[in-house]
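All remarks here apply to the structure that follows.
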Amino acid sequence: MSNKESSRDIKLLLTEKPDKTVSKKQFFLLLFIGTLASITIFVVFELLPQYSEQNKFLVNSAKTYAKDGDILIDANLTMNFTKQVVEALENGIPLTIAVEVQVYRKRPWWRNDIVKESLQLFELRYHPLTDVHVVKNLADDERYSFNSRKEALAVLGTIRGAHLIKRKKLNPGEHYFVRIHTLLDINHLPPALRQIAALSSAWRLESNWFQWPVTFADNNSSNQKHQEQAQ
Amino acid sequence: MIRKVFSGPLAIFILIILLLISLRMINSASMDAEQFQQLYYLLLAVNLVILVMLIFLIARQAWRLLHQLRQHVAGARLTLRMVIIFVSLAIFPALVVYSFSIQFINRSIDSWFDVTVEKALEDALTLSRSAVDERKKSLLRQMRRLTDETLKDLSTLTVVSLSEIREKGGMDEVTLMTPGGRVLGSSSIEEGDIVPDLPSSDLLLPLQQGRDHVVVDLSKNSSRMIRILLRIPYNNDKEYLVLQALAPLSERQHRLAASVQQAYSEYKSLVYLRKPLKISFTLTLSLVLLLGILSAVWAAFFSAKRIAEPIRDLAEGTKAVAEGEYHKPIPLLNDDDFGLLIQSFNKMVRRLSQTHNALEESHQQAKRQRDYLEVVLSNLSSGIISLSENKAIRTSNPEASVILGINVNEYLGQSLFQLTREKPELESLVRRIMSSIQNRVKHWNEEVTLSESDGRKNLLCRGTALADGGYVIVIENVTSLVQAQRDAAWGEVARRLAHEIKNPLTPIQLSAERLRHKYLKTMNEQDAETLERLTATIIHQVDSMKEMVKAFSEYAKMPELKMQTLDIESLLTEVVDLYRGSDKLTIKQELGISGTLVEVDQGRLRQVFHNLIKNALEASSKNDNIVLTVKTHLLEHNNQYWCELELSDNGPGFPPEMLANIFDPYVTNKPKGTGLGLAIVKKIIEEHGGSIIAENASEGGARIIIKLPVA
C-alpha cells in the first residue's frame, strides 16, 4: 500500500512541475524562431527575385486609345536573353515568353480592383534543320517563322492595336489604369531545368510593371507623357 | 504544451514529416506544376526555415551541453559520448549512401547518351540540311528562270502570267506584291483560296539587300513548306516587287525531314539538360542529406539527453542524500527500467529519511534529558564529580566547586590529586576517595572532616562505580548539620543542667545558711570558725554554681532578637572606648566603614564585643603591654556587601589543638571559664546571618574576624 502511495506522491510532484505553462524564456525562444522564419521567407520571396538580370526585359513605351468602341493597346517591349538562356534555346529548349496586361481601377486605402487581366504566352523555338526561329502563340497555336532570334523577339516586342477591353465596360466617371510587363516564364521549362532556372539570376528575366492611365478619347491621342513607372 | 512540442519526440516527428512532404513536393514540383516557381520558392522557404531552426536548436543543445560539461554536471559526459556515437552512426551511412547516389546519378545520366548516336544524328541533320538546301537551290534556280522568262515586262503582267509561272514551276501558290506587303496579284492551286499566305516582314529583309530568299518551314502542318521569295526589280533597279512562290514538299520528304529535325532537337535538348538535371538531383540530394544529418544530430542530442536525464537525476539525488537532504524525491519520468530504479531509489531515500528522523528524535530526546539532568545537577545542594575510567575528572557540578572551595571545572580531564596542589587541605578527602576507588568498592560512604582556614568542614562522600569503569562521587557539606546537631545537643545539655542543678542549689544554700545560723551560736569558737568556713564555702560555691547555671540557661534559651538598623562601627568603638584608660592597654584602630548600617540587636552585639575584648584582655593579661587592634572594612561577596570586623591581640593565641573546636561550649583554657563565651558569641553572630572565624595571626596573637551582612 505504501508503495502505491509513494508512487502517487511522486506523480503528484511531477504534475506540480512548472513545465506546462509557457515561460518568459520560452516565449522569447518562440519569438526568435518566428523572426528567423520570417527573415528566411522574406529573403526567398522578396530578395531572391530582386536579384535578377536588369534591363534585359524592358517596356519601352506603351499607350492605349479608343477605336470603334474598343480600347486598343500599342506597346514596344525589349527582350534580350542572357547567354545561358540563348544556349538553352540553341540546344532545342523551347522558351515561353509571357506578356501580361492588366486594366484596374485604383482604390484609395484598398487593393486595386482588377477589371481585366490578359496573359499572352508565346513559345520561341529554334529549328536547327532549317535554321529558323519559330514563335508560337500558345493561345491559338498560330506560328510565325523568323530567320533570326533578334527578328523574332523584335516582332514579339511590337504590339500594335491589340484589343484590350470594350469601352462600355469602363465607367467614364472612374479613373482606370493599365499596366503591362513581360517575363520569361520558367514554369514551362522542362522539369530538369526548372530548379536551376528558379535559383539562377540568369534565368530570372522580367520587366518592371509599366503603368499609365486609360483615356477614352478616340484616335491616337498618346499618353506616353503621363507614363509612370510602377514599382 | 508548446515546450512539449519543441522538445518532445512529437517535434522530431513533425519535422521529419514536414521534411518528407517538402521533399516530395520539390520532386513533384519539378515534374509538373503550372505554378512551379511560387511553389518552389515556398518549399525552399519551408526547407530553409526548418534548416535554420534545426541549426538553432542544435546550437542551443550543444551550448547547453558545453555549459554542463564545464560545470561538471552529472551525466554531461555520458550525453556527449552518446551524441558522438549517435551522430557518427547516422552520418557515416548517410554520407556513404549520398556519395554512391551522386555517383550513380551522374553515371546513369551520362549512360543515356551515346557518342555514336549523337554523331549519327548530327550526320542525319547535315544530310537532311544539304538535301533541303539542294532542293531550295534548285527551286530558286527554277523559279528565277521562269520569272525571268515570264515577267520580262511588268507592264504586261497579268494573273495569267502568274498562273503560268505557278503551273510551270509546280507551285501551290504564286503571289506578286510590293515590299510593303500590298498584294498585286495571286494565283493559287486551290480554287477558293483567295487570301494569299503572306510572309512575315523579316523574311523580306534579304530582298531589300538584293538577294532572293528561300525559307523551309517544317513546323507547319500544311504541305506548303517551301517559301521562295524573289526580287523583281523595275524602274532600272531602283524599285522592286516581291514574288512569293509556295512550293510543296512531298509527304515523304516532309516526314523524314521533320523526323530528323525533331529527333535531333530532342536529343540535343536532352544532352543539354543533362547538366541541369545532375545539378538538380545533386541539390535535392544534398538538401536531403543536410536536413537528414541535422535532424539526426538533433535527434542524437535529444535521445542522449533523454537517456542521460534519469542518470543525472539519480546522481543529483545521491548527492543530495549524501549532503543530508532527504526530502527531495526524484521525479518519475516514465515507467521503464530507469523508472524502476528511480522508484527504488526514492523508496530507499524515504527509509533513510525515516531512520534519520528517528535518530534525530532520539538525539534530541537525549539532549533534553542531558539538559534536564544538568539543570538538576547544577541546582543540587550536593557536589557531584564524575571520574572517567582512568580516574580523571570528567564532569562536576557548580556545587562541587563551592563545597571544595576550588573551581573543579578547571581540572577537567586531570587527576583528582591535581586539586590538592592548589588546595592542600583537600588531600585527606582525595586520599580517601582514591583509596576507595582503587579498592574497587562499588558503593561506599565516607565522612571526611576538612580543617580549613574558616573552620572545620564536615563532608559526606558517597561513591558509586559506573558501568563504564568510571565513578560518580557525591559530596555533601554537612558542616552546618553537624553543627546544628551539636548546638542542639549542647542546648539540651545546658537546659537540663540548668534545670537539674538549679533546683537543688537553693535548698543547699538555704540549708547551709540555716546550719550556720542554728549551730554557730552553739559551737565553740574553733568549731564555729570551721563551720563558718565550710558554710561560707558551700554558699560561695553554690553562688558560683548558680552563676554557671544562669550562663547555661542563657545559652540554652536565647531571647528574641530586637533588631534595629545602626552604624556598626560606632557601636564597636563605643564598646572599645569603655576599655581605654589602662596604662597596660594600647588600642589600635584601623577603621574604614564609618556610617555603614547593619541590622543588629544592639544589646546582643555589645555582649559579643565585650566578650571578645574581655577574652583578649584575659588571654594577654601576662603581657606588660597589651595591644588590642580593631580593624573594620567593607567587602563584597556573592553580590552582597559585608562588613568585616577584625579584633586581634598580642597574646599567646589559641592553643592549636583547640582551634578547630574553639566555638564549642566547654572549650576553654581559662581556669575559671565556663567555656560558653565564644559559643554564645558564635550563636549571636550566626543569628545575625553573619559568620565568625578564629585564627592565630602569623605575627602572633589571636585574631577573630566577624562578617555581618550590610543592611
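The values are calculated or read from the model by the stated rules, or taken from the named source; none is laboratory data. Note that the structure is a prediction, hence the values are computed from the model and not measured. Positions of Cβ are generated from backbone atoms using ideal geometry, with glycine treated the same way; all protein chains shown enter the neighbour counts. Just so you know, the surface numbers come from the protein's heavy atoms only, side chains and all, with ligands and any DNA or RNA stripped out. Shrake-Rupley method; radii C 1.70, N 1.55, O 1.52, S 1.80 Å.
Specify the longest stretch of chain B that does not include any exposed loop site, a site being one of the chymotrypsin sites (Phe, Trp or Tyr not before Pro) with a non-H, G, I, E, B DSSP assignment and at most 13 other Cβ atoms within 10 Å. Don't skip to the answer; put the middle values down first.
Details: sites that count: B:Trp112, B:Phe113, B:Tyr666.
Counting at most 13 other Cβ atoms within 10 Å as exposed, the longest clean stretch of chain B is B:114-665.
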* Summarise the partner chain shielding of B:43-51 as one whole number: the mean count of Cβ atoms from other chains within 10 Å of each residue's Cβ. => 5
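Please work out how much length the chain gains when fully extended from B:Leu10 to B:Ser303, using 0.36 nm per residue of separation minus the C-alpha to C-alpha distance, in nm with one decimal.
Full extension from B:Leu10 to B:Ser303 adds 104.2 nm.
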* Near B:Lys546, which lysines are there with a Cα under 18 Å away, not counting those fewer than 8 places off in the same chain? -> B:Lys502, B:Lys557, B:Lys672
* For the pair B:Ile17 and B:Ser698, how long in nm is the line joining their label points, each one 7 Å along Cα→Cβ? -> 10.8
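What FRET efficiency, computed as 1/(1 + (r/R0)^6) with R0 = 56 Å and r the Cβ-Cβ distance, is obtained for B:Ser480 and B:Asp527, rounded to the nearest 0.05?
Between B:Ser480 and B:Asp527 the formula returns 0.45.
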* Structure fact -> Quick calc, B:Ala358 & B:Val710: beta-carbon distance into FRET formula, R0 51 Å, rounding 0.05, result 0.35
* To do: Using label points projected 7 Å from each Cα along Cα→Cβ, tell me how many nm separate A:Lys83 and A:Asn55, to one decimal.
  => 1.8
* Asked: Just counting partner chain Cβ atoms within 10 Å, what average do the residues of peptide A:93-100 show around their Cβ?
  -> 1
* Is any residue of the range B:643-672 close enough, with backbone N under 19 Å, to a label point placed 7 angstrom from the Cα of B:Leu505 along the Cα-Cβ axis, and if so, which? -> B:665-667, B:671-672
* Structure fact -> Taking B:Glu646, A:Glu151, A:Glu142, B:Glu251 and ranking on accessible area (1.4 Å, protein atoms only), highest first, one gets B:Glu251, A:Glu142, A:Glu151, B:Glu646
* Asked: According to a simple spin-label model (label point 7 Å from Cα along Cα-to-Cβ), what is the distance in nm between B:Arg107 and B:Leu380?
  -> 10.4
* Asked: Does the range B:399-465 come out rounded, prolate or oblate, given a ≥ b ≥ c as the square roots of the eigenvalues of its C-alpha gyration tensor, rounded meaning a/c under 1.5 and, failing that, prolate meaning a/b above b/c?
  -> oblate
* Evaluate the protein assembly as shown: find the radius of gyration of its Cα atoms, find its Kirkwood radius, and give the ratio Rg to Rh. => 1.59
* Determine the shape class of the range B:669-711: with a ≥ b ≥ c the square roots of the Cα gyration tensor eigenvalues, call it rounded for a/c under 1.5, and otherwise prolate if a/b is greater than b/c, oblate otherwise. => oblate
* Please find the FRET efficiency linking B:Lys367 to B:Glu410, where r is the Cβ-Cβ separation and R0 is fixed at 22 Å, and quote it to the nearest 0.05. => 0.30
